[in-house]
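The values are calculated or read from the model by the stated rules, or taken from the named source; none is laboratory data. Computed from a predicted structure; not experimentally measured. Here the Cβ is made from the backbone with ideal geometry for all residues, glycine too, and neighbour counts use every protein chain on show. To get the accessible areas, we keep the full protein, side chains included, count just its heavy atoms, and leave off ligands, DNA and RNA. Shrake-Rupley method; radii C 1.70, N 1.55, O 1.52, S 1.80 Å.
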Amino acid sequence: MSKAAMKRYDAYKVSGVEWIGEVSEHWEIKRLKDITLVKRGASPRPIDDPIYFDEEGEFSWVRIADLSVSERYLLCTKEKLSALGASLSVKRYSGDFILSIAGTVGKPIITKIKCCIHDGFVWFPNLKVNPEFLYYCFSTGLPYQGLGKLGTQLNLNTETVGLISVPIPSDEEINNIICHLDTKTAHIDHIIETINTQIDKLKELRKTLINDVVTGKIKVA
């Protein structure tokens, strides 16, 4: 669907926020710290001490690498903490929204398991916005515009994350937005998967063609 064909709201206003631009007139713009606290994770030290880990532990241990191989939801991790390790970290639960602030900086994810996060993550107690909506906002990477100096690595902490502004529609609109994006992005992902499969087949065809020609299986002259 082209932009011109999409439905638009009756009136818009300037948000004053670079990544948002114009926004529907009745939507609010709020900083994260105005709708939730922003808290940082914690680690047992030294983190490589085996006393802090237990394969049968109740809480999974979240590393940046676990987010790197996950998409929207965190379903599993490679390690679990012992009761002692979990007591020295920050426990989170299914449905929580967390954000990485180290390594793969700024990656959002929604937990679907009991887990513990270290100080490379922030979390949001008493969040007043559907975490699925925030996931979509942060998945673009655009909310971080202007937070890092040109030519330097983006550095996030509880203060800078708290200052990030996000659009706040009504609860009904948020639910409609989530449903719409779930449908549309799934369709796009399917197209991407199909194209990637075709690309892989073409690469294999190219390799076979070259091999057949240089080994004399095909006569070209």
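With in a helix (DSSP H, G or I) and surrounded by 13 or more Cβ atoms within 10 Å (Cβ to Cβ) as the only criterion, which of 185, 197 stands out?
Of the residues listed, the single one that is in a helix (DSSP H, G or I) and surrounded by 13 or more Cβ atoms within 10 Å (Cβ to Cβ) is 185.
I'd like the residue in the range 33-53 that is open to solvent by less than 70 Å² (accessible area, probe 1.4 Å) and in a helix (DSSP H, G or I) and, out of all such residues, is modelled with the highest pLDDT.
Looking at the filtered set, the residue picked out is 52.
Report every pair of residues separated by at least 6 positions or lying on different chains whose Cβ atoms are under 7 Å apart, first residue within the range 15-32 and assigned to a strand (DSSP E or B) and of a type in the set (A, V, I, L, M, F, W, C), second open to solvent by 30 Å² or more (accessible area, probe 1.4 Å) and modelled with pLDDT of 95 or more.
So the pair list comes out as 23/29.
For residue 93, only one of the following conditions fails: (1) hydroxyl-bearing (Ser, Thr, Tyr); (2) touching a Cys at 6+ places or on another chain (Cβ under 9 Å); (3) open to solvent by less than 50 Å² (accessible area, probe 1.4 Å). What is its number?
(3)
(1) among the polar types (S, T, N, Q); (2) over 30 Å from residue 45 (Cα atoms); (3) modelled with pLDDT of 95 or more: which one isn't true of residue 139, the others all being true?
Failed condition: (3).
If I go through the range 62-102 residue by residue, how many of them are free of Cβ contacts under 8 Å to residues at least 24 places away in the same chain and closer than 21 Å to residue 32 by Cβ?
So the answer is 1.
Return yes when residue 131 is surrounded by 12 or more Cβ atoms within 10 Å (Cβ to Cβ) and not acidic (Asp, Glu) and no when it is not.
yes
Restricting the first residue to the range 104-131 and requiring it to be more than 22 Å from residue 35 (Cα to Cα) and in a loop (DSSP other than H, G, I, E, B), which pairs with a second residue that is open to solvent by less than 40 Å² (accessible area, probe 1.4 Å) and polar (S, T, N, Q) meet a Cβ separation below 8 Å and a spacing of at least six or different chains?
Close Cβ pairs satisfying both conditions: 113/60; 113/77; 114/60; 118/43; 118/89.
Within the range 55-78, identify whether any single residue is outside any loop (DSSP other than H, G, I, E, B), within 19 Å of the chain's Cα centre (by Cα), at pLDDT below 95 and among the charged types (D, E, K, R), and answer yes or no.
Scanning the range 55-78, I find at least one residue that is outside any loop (DSSP other than H, G, I, E, B), within 19 Å of the chain's Cα centre (by Cα), at pLDDT below 95 and among the charged types (D, E, K, R), so the answer is yes.
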